[in-house]
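Okay, so here's the structure we're looking at.
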Amino acid sequence: MNINNRIALMGAVAVAATVGFAAPAAAQATRTWVSGVGDDVNPCSRTAPCKTFAGAISKTAPGGEINCLDPGGFGAVTIIKAMTISCPYTEGGALAGGNGVVVNAQPTDVVFLRGLDIFGVNPPTNGVRFIAGAALHIEDCTIRRFNAANSFGVSFQPSGASQLYILNSTIGDNGNAATGGGILVQPTGAGGSAKVVLRGVRVHNNANIGLRVDTTGNTNASGVTVAIDGSSFSGNATGIAAVAVGTNPVGIMLVSSTVANNSGTGILGNGSSMTMRVGDTSITGNAQGVNAAGSSTINSFGTNRNFGNPTVGAANNGVFTGAIVPQN
C-alpha cells in the first residue's frame, strides 16, 4: 500500500471512530448556583451561574442543592428528584402564573425548600403543589397571593405515603372568597396518606380557609395526622377546618397556638372519624370559636382560652361544642 492510500485509510478509520463514539453528557453537579445576572446556558457553577431554578434543575444531581448567589426572581420550577433549593441569605424570588413549585418526585425522594419568596401573579394556581415524594420540607419561606379559584398557598395532595413539614413560614393572601386558602392537606386515592408537622407557621388573611385537612377522595385507612405547635391562624374566613370522610381518619394535635379574628369559625371539625386535641391555645375574635359538627370529636386539654368571640356560651365563648372530651 503506498503512502497516499495509507493516509486515506487512517483518515477513514478516524472518521468512523468519531461517528461511532458519542461524547459523554456533562456531569451533574452536587451544588449549583443561580443569579439575577446569570444565564441558563451556563453550567450553573458559582463563577458561571444560571438564571432560573428551572435552568439549574437539569444540571443538579439527585440529592443536590441549588443556591442563590444574589437577589433575583428565579421563576417557577417542577422538581422530579430529591433535592434542595436554599436561598436563606438573599432574595430567592419566584413569581408564578400557575404553580410556583411543583413536587412530583419518586416515592423515596425528599425535597427541601428554604428561604424562598413565592408570589402569585395573574393567573395563579398554587404556591407549592405536592403530588408525589417521600417528604417535603418548607422552611423560612413566604408564600402569598395565589388568589384564584381553588388556589392554595400550599396544596399537599400526595398519591402515596408522604410527609409535610412547614417551619417558620408565612402563608397569606391566598384563595378567594368561595374556595382555596392557605394550606390544603388532602391525600388522594388508595395509596395516599399524610403525616404533617407545622411549627411556627403564620397562616394569615387567606380569603377562605387557613388550613383545610380533608380525606375526601381518599380511600387509604391511614388517613391524615397533623401536629401543630406555636402557630397562628388569623384573619381567614375559617381558621382550621378538618373534614373526615367515611372511615378515613383525620387526627390533629393543636398546641401553644392562636386562632383569632377569623370572620367565620375559628376551629371547625366535621365527620365521625375526625379527632382534634387542643391545648394551651387562644381562640378569640372569631364569629364562632369552635364547632364540632358531624359527630366529630374535639378534646380540650383545659389550658385553652376560648373567649372574646361574639356570643357568650355555646360554641362562641368559653366552651366547646359537639363531642367534647375534657382532658387533664
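Name the strands (runs of 3 or more DSSP E) wholly inside segment 212-268 in which the number of residues that are of a type in the set (Gly, Ala, Ser), closer than 24 Å to Pro158 by Cα and without any contact (Cβ under 8 Å) to a residue 60 or more places away in the chain is 3 or more.
The qualifying strands (runs of 3 or more DSSP E) are 238-243.
Looking only at residues in segment 32-84 that are assigned to a strand (DSSP E or B), over 18 Å from the mean Cα position of the chain (by Cα) and polar (S, T, N, Q), which one is nearest to Asp109 (Cα to Cα)?
Within segment 32-84, the match that is nearest to Asp109 (Cα to Cα) is Thr60.
Arg145 is checked against (1) surrounded by fewer than 24 Cβ atoms within 10 Å (Cβ to Cβ); (2) on the phi < 0 side of the Ramachandran plot and fails just one. What number does that condition carry?
The one condition Arg145 does not meet is (2).
Filter segment 261-282 down to the residues that are among the hydrophobic types (A, V, I, L, M, F, W, C) and either out of contact with any Phe, Trp or Tyr (no Cβ under 8 Å at 6 or more places or on another chain) or closer than 30 Å to Ala190 by Cβ (or both), then identify the one that is surrounded by the fewest Cβ atoms within 10 Å (Cβ to Cβ).
Among those that are among the hydrophobic types (A, V, I, L, M, F, W, C) and either out of contact with any Phe, Trp or Tyr (no Cβ under 8 Å at 6 or more places or on another chain) or closer than 30 Å to Ala190 by Cβ (or both), it is Met276.
Would you check if Gly181 is crowded, with 24+ Cβ neighbours inside 10 Å and touching a Lys or Arg at 6+ places or on another chain (Cβ under 7 Å)?
yes
Given the conditions (1) over 22 Å from Ser231 (Cα atoms); (2) touching a strand residue (DSSP E or B) at 6+ places or on another chain (Cβ under 9 Å); (3) at pLDDT below 90, which single one is not true for Phe301?
(1)
Would you be able to tell me the number of residues in segment 94-108 that are part of a strand (DSSP E or B), surrounded by fewer than 19 Cβ atoms within 10 Å (Cβ to Cβ) and more than 14 Å from the chain's Cα centre (by Cα)?
3
Tell me, please, whether a residue that is at pLDDT 95 or above, outside any strand (DSSP E or B) and of a type in the set (A, V, I, L, M, F, W, C) can be found in segment 194-203.
Yes, some residue in segment 194-203 is at pLDDT 95 or above, outside any strand (DSSP E or B) and of a type in the set (A, V, I, L, M, F, W, C).
Has segment 288-303 got at least one residue that is of a type in the set (Ser, Thr, Tyr), assigned to a strand (DSSP E or B) and crowded, with 22+ Cβ neighbours inside 10 Å?
No, the conditions are met nowhere in segment 288-303.
The values are calculated or read from the model by the stated rules, or taken from the named source; none is laboratory data. This one's a predicted model, so the numbers in the text were calculated from it and none came from an experiment. Heads up, the Cβs are rebuilt from the backbone with ideal geometry, glycines too, and the neighbour counts pull from every protein chain shown.
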